[in-house]
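For reference, the structure is listed below as C-alpha cells.
Values in this text are rule-based calculations from the coordinates and carry no lab data. This is a predicted model, so every value here is computed, not measured. Ideal geometry is used to build each Cβ from the backbone, glycine not excepted, and the neighbour counts take in all protein chains shown.
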Amino acid sequence: MPANSHIPMRTCLGCLQKRPKFGMVRIAYKNGRILRVDPEQTHPGRGFYLCPAPECVREFFRKKRYRKVRVSLTQEEREMLERELGDMIQQDKVYSLVGLARKAGKAVFGQEAVERAIKQRQARLVLLATDAAINTRKRFIDLCRQRGVPLRLYGTKSDWGHWMGKESTAILAILHEGFADAVYAEISRSESAKEAGGRKSPPKP
C-alpha cells in the first residue's frame, strides 16, 4: 500500500520499538491509575501503547514497564489487565490487528457490507479467506481491481468466523487507513518469513 505522508507513531512499552499507532493497543490512564483498555483510541486523557503481540504484553508486565509512565498497579489490577489484554491479543498478529479494528468500529464483514464499503469508497483494505468460493473470489478480486482497493488473501472462513464470533466469514474490509496499513504490512511480513523458511536447505541425512 502507498505510504502515508504522515503516520502517527508510538513507542510500545513492551518491545520499546516505535510503531504506527493505529496498529497498537492503547491503555488510557490518569493520575497514575489505569482507566481502561482503549482499542478505539478515543478515551480522553493520557495513554500508553503496546504492540498486539503476546511477547510485548509479557515483557511489559515482566519488566514492570508501566512504571515508565508512573502508573501503579495492585496485584488485582494487574491480573485484570493481563486477562483483558490476553483476551484481545492473539498469537497471530493479523487477527489481533483486525480484532482491534473491529472493536474500534473500523472493520466490517460479510459480502453485502464489504461490497457497500468498497462502492462507497470506505474500504481501505479487503481481506478474503483463502477457501472462499471461486465465484466470491472472482467477484471481489474484480471489484477491488476496478475500485483500486488493495485485497489480500489470508486465513480461512472458519478462522475468520471464529475471531468475528460467526460460524464462518469469507470476506471483511478494514475502513481505517492506519489499521489497513498495519494489517497489510503484517501480512507481507508473515509471507516473507514463510518464503524465507521455505528456501532453507533441508538438513543433511
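Here are the numbers for this structure:
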| quantity | calculated |
| --- | --- |
| Mean-position separation - Cα centroids, segment 15-91 and segment 142-172, in angstrom | 29 |
| Antiparallel bridge percentage (DSSP; both residues within the chain; nearest 5) | 85 |
| Highest average packing first - 99-108, 142-151, 9-18, Cβ atoms within 10 Å | 99-108, 9-18, 142-151 |
| Electrostatic dipole magnitude of segment 9-89 [Cβ: Lys, Arg +1; Asp, Glu -1; Cα centre; debye, to 20] | 560 |
| Descending semi-axes in whole angstrom, ellipsoid equivalent of segment 117-183, from the Cα gyration tensor | 19, 15, 9 |
| Hits among aspartates and glutamates - C-alpha to C-alpha of K138 under 19 Å, sequence gap 8 or more where chains match | E112, E115 |
| The chain: radius of gyration over Cα atoms, expressed as a fraction of 2.2 N^0.38 Å | 1.12 |
| Label-point separation, Q146 to E55 (7 Å along Cα→Cβ), nm | 4.3 |
| Estimated inter-spin distance, R70 and M9, nm [label 7 Å along Cα→Cβ] | 2.6 |
| Given charges at Cβ of Lys, Arg, Asp, Glu: the chain dipole, positive-most of M9, T169, F60 | M9 |
| Segment 73-78 - phi-based ³J(HN,Hα) in whole Hz, Karplus 6.51/-1.76/1.60, Gly and Pro as x | 10, 6, 4, 5, 5, 4 |
| Estimated FRET transfer efficiency (Q17, E79; beta-carbon r; R0 25 Å; 0.05) | 0.40 |
| Projected-area average for segment 9-89 over all orientations - Cα convex hull basis, square nanometres | 4.6 |
| Over 22 Å between alpha carbons, listed pairs K21/K103; K103/K157; K68/K93; K106/K166; K21/K106; K30/K106 | K68/K93; K30/K106 |
| Segment 51-99: C-alpha gyration tensor shape, a/c 1.5 cut-off, then a/b vs b/c | prolate |
| Lys, Arg +1 and Asp, Glu -1 on Cβ, resulting dipole of the chain about Cα centre, debye, nearest 20 | 720 |
